[in-house]
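Trainee: Structure in structure tokens, see below.
Rule-based calculations on the coordinates, nothing more; no lab input. Everything quoted here is computed from the prediction, not taken from an experiment. Virtual Cβ from ideal backbone geometry, glycine too; neighbours counted across all protein chains shown.
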Amino acid sequence: MSFLKKQSLSFTLIVLLLILAKFNPAVGQSTKLISGSVIDATTKESLPFVTVTLKKSLIGTVTNENGFFDLKYPDDITNDSLFITLLGFQSVTLPLSDIKDSVNVSLLKSDIELKEVVIRPLPPTYYIKQAIANLKQTNPKDPFQTQAYYREIMTENGNFIVSNEAVFKTFYPSFQDTIKNQHQALLFRKADDIKEVAFMKAQRDKKAAKKEARAKKKGKILTEEESKGIAANFGGPEAILRQADLSKSGDEYLDSTSFKHYEYTFAPSSSYDSKELMVINFKSKGKVDHSHQVGKIYIDIASNAIVKIEESGDFVIPLALRPVLFLYGFSIDDAKYSTVTEFQGVNNRWYPKNISFNLGAMLTKKHWFADNEHSLFEVESMFTVNKIKINGTSPIPKEKRFDAKKKIEPQVFNDEGLNWSEVNIIKK
């Protein structure tokens with residue numbers, strides 16, 4: 001798929017570049033805070049990435065990996081309800097008037113989730129084609145705007161080497177419009193306690209010393225970034241948000257001209273907010289975009305809308321690249337990825353909610369007269385929509401539009417006076 005292709009290529013470039021080469025929350029508008037947790041009512045296990053939203057105000061967040069959440073909202077919001085939902089579970093709605101400071105929620109598995117595979121009259125590909133053909137009726141018909149929290153993390157052998165957070169405002173044009181989605185960075189911050197990449201550090205330090213000596217002769221002082229010579233680019237939110245636009249995502253398993261490259265089967269039904277979902281498994285017959293792919297497509301039976309896509313697989317190093325890696329004594333093993341794209345229903349239309357990308361790979365440098373070096377690199381990018389604005393939207397001014405090819409920090413235009421104390425982040 002196009003997203004995987006770009007992200008896998010980005011990761012490969014990260015690896016090759018590695019080879020070659022105080023958070024200050026401010027005080028803003030008055031807000032209220034609800035803290036809580038969500039567990040499985042049957043198993044008592046915590047439930048990660050549960051959607052927690054104010055139903056009328058369209059302000060929300062998701063639970064973290066341990067099922068905990070913090071939800072901030074303006075204190076003038078009173079006549080609203082907390083809506084907790086997760087695919088495959090019964091949704092829970094709690095009036096704000098019944099909540100004080102914290103809430104602990106137990107979700108019951110949906111009865112629909114327990115259904116066996118339903119034998120349907122037509123093949124799975126028919127329902128996928130119908131869902132894609134129906135995008136004009138299920139996607140938002142008018143321009144809208146979102147505010148979203150973005151997190152990108154990269155670890156080496158469990159140590160953080162990249163840990164960034166940002167808040168983006170995004171303008172989505174009309175579905176029929178060919179204009180691309182437009183992003184504006186409102187906030188950005190990075191962790192202070194990240195580690196330097198350990199892989200091939202001795203070689204990099206030696207190269208950096210030579211580079212610094214040459215610069216010194218010319219009377220130039222290198223910046224810290226220039227002296228390290230390391231770059232890591234995750235593609236930014238523009239790349240990850242491409243998954244939220246099914247009409248432009250380029251996923252082969254949704255394209256009828258590529259159906260021959262996949263096997264499709266029906267899985268047991270699931271549910272979302274009491275809606276029955278048809279679940280279709282897909283599996284690539286061979287390599288597609290240098291990967292073996294498996295996943296699930298969730299389709300709302302009532303509206304014929306795609307509400308969630310899960311995909312995972314292993315990335316196969318292209319044959320053309322293998323001789324180059326071998327020549328320099330490198331290998332990339334166990335490169336595996338997973339992506340999840342989830343939508344939320346508002347007024348019978350489906351808007352982007354959560355998009356995540358994860359990738360891991362073992363990188364090895366072979367030495368003739370020393371121990372080989374091994375590093376496990378793991379990458380995580382997550383984009384979760386916190387607010388949706390349906391009326392009174394306008395395009396992002398050209399001078400403030402985010403360019404994913406450039407770093408986030410210099411592109412921050414916080415013209416809304418937003419600060420981190422107002423933002424619904426994934427709880428740490």
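Trainee: Can you spot the aspartates and glutamates whose alpha carbon is less than 17 Å from Lys275's alpha carbon? Ignore those fewer than 8 places along the same chain.
Mentor: Filter leaves Asp111, Glu113, Glu116, Asp300, Glu342.
Trainee: Starting with the highest mean, order 300-306, 73-79 by the number of other Cβ atoms within 10 Å, averaged over the residues of each peptide.
Mentor: Ranking the peptides 300-306, 73-79 by packing returns 300-306, 73-79.
Trainee: Please report the relative contact order for region 355-428, taking Cα pairs under 8 Å with a sequence separation of at least 6, and give it as a percent rounded to a whole number.
Mentor: 23
Trainee: So who's got an amide H within less than 5 Å of the one on Val50, skipping anything under 5 residues away but keeping other chains? H placed 1.01 Å off N, in plane.
Mentor: Amide H to amide H, under 5 Å and 5 or more residues apart or across chains, Val50 pairs with Thr63.
Trainee: How much net charge surrounds Asp80 when only other residues with a Cβ under 14 Å from its Cβ are counted (Lys, Arg +1; Asp, Glu -1)?
Mentor: Combined, the nearby Lys, Arg, Asp and Glu give +2.
Trainee: Give, in nm to one decimal, the length gained when the segment between Val118 and Asn347 is fully stretched (0.36 nm per residue of separation minus the Cα-Cα distance).
Mentor: 79.6 nm
Trainee: Which residues' amide hydrogens lie under 5 Å from the amide hydrogen of Ile161, considering only partners 5 or more residues apart or on another chain, with H built in the peptide plane?
Mentor: Excluding prolines and chain starts, which carry no amide H, the hits are Met154, Thr155, Glu156, Lys195.
Trainee: Number of Lys pairs in region 134-199 with C-alpha atoms less than 24 angstrom apart, excluding same-chain neighbours closer than eight positions?
Mentor: Lysine pairs meeting the criterion: 6.
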